[in-house]
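Read through the structure below, which is laid out as structure tokens, and then see the notes.
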Amino acid sequence: MRSWVFFPKQGYANLERDARALRTLQPAQLMNFPLECAIRWARGGSPGRFVARVRRQDCTYDSAGFKQKISPDMIYELDRESFALEDILYGESGQPLFPSAGLLRAAREAP
């Protein structure tokens, strides 16, 4: 899975509310991460559970927002009941830019 993000101050707040603007948005307008930073999903330890991981030793990119090289350590977990994530961004010093809050879990809502 690849991810693209908005550049700082790009001005696309709440874009999900404007379907026309969302359809015209092109990936070339957004920040793109190196292929080494692709999020790779794998089956988890139980049926219906999937886990994705990006390890900081495998992924480094130049951050326009932080004005330095960033190495993320990310884990995403998806199962029938919830979605969980933890993203820790390490700066050039090797220290986390923010303290980790641990794995944050959101319960799945019924459709």
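Assorted remarks:
- Recomputing Kirkwood radius over Cα pairs in Å from the coordinates shown identifies the correct label among (1) 16.0; (2) 14.1; (3) 17.0 as (1).
- Inter-part distance where the range 11-29 and the range 31-51 are each reduced to a Cα centre, Å: 25
- Surface composition of the chain: carbon and sulfur make up 54 percent of the accessible area, probe 1.4 Å.
- Long-range Cα-Cα pairs in the range 57-111 (distance over 16 Å), rounded percent: 51
- Structural descriptor for the chain: relative contact order 17 percent, calculated from alpha carbon pairs under 8 angstrom and at least 6 residues apart.
- Estimated distance in nm for a label pair at residue 6 and residue 26, the labels positioned 7 Å out from Cα along Cα-to-Cβ: 1.9
- Within the range 19-68, the proportion of Cα pairs with more than 17 Å between them is 59 percent.
- Rolling a 1.4 Å probe across all protein chains gives residue 77 an accessible area of roughly 30 Å².
- Calculated mean residue ellipticity at 222 nm for the chain: -1000 deg cm²/dmol, from DSSP H runs with n ≥ 4 weighted as -39500 (n - 2.57), summed, divided by the residue count and rounded to 500.
- Our estimate of slack between residue 66 and residue 107, defined as 0.36 nm per intervening residue step minus the Cα-Cα distance, is 11.7 nm.
- Local charge for residue 106 was computed over the other residues whose Cβ lies under 12 Å away, with Lys and Arg +1 and Asp and Glu -1, and equals -2.
- Relative packing of 47-57, 94-104, which averages over residues the other C-beta atoms within 10 Å, highest first: 47-57, 94-104
- Local electrostatic count, residue 86, Cβ distance below 14 Å [Lys/Arg +1, Asp/Glu -1]: +1
- Accessible area (Å², per residue) of the range 63-111, counting only protein heavy atoms and a probe of 1.4 Å: 67
The values are calculated or read from the model by the stated rules, or taken from the named source; none is laboratory data. For clarity, every value in this text was computed on a predicted model and none was experimentally measured. Glycine also receives a Cβ, built like all others from the backbone with ideal geometry; neighbour counts cover every protein chain displayed. Accessible surface is based on the protein model in full, side chains and every heavy atom, while ligands, DNA and RNA are left aside. Shrake-Rupley method; radii C 1.70, N 1.55, O 1.52, S 1.80 Å.
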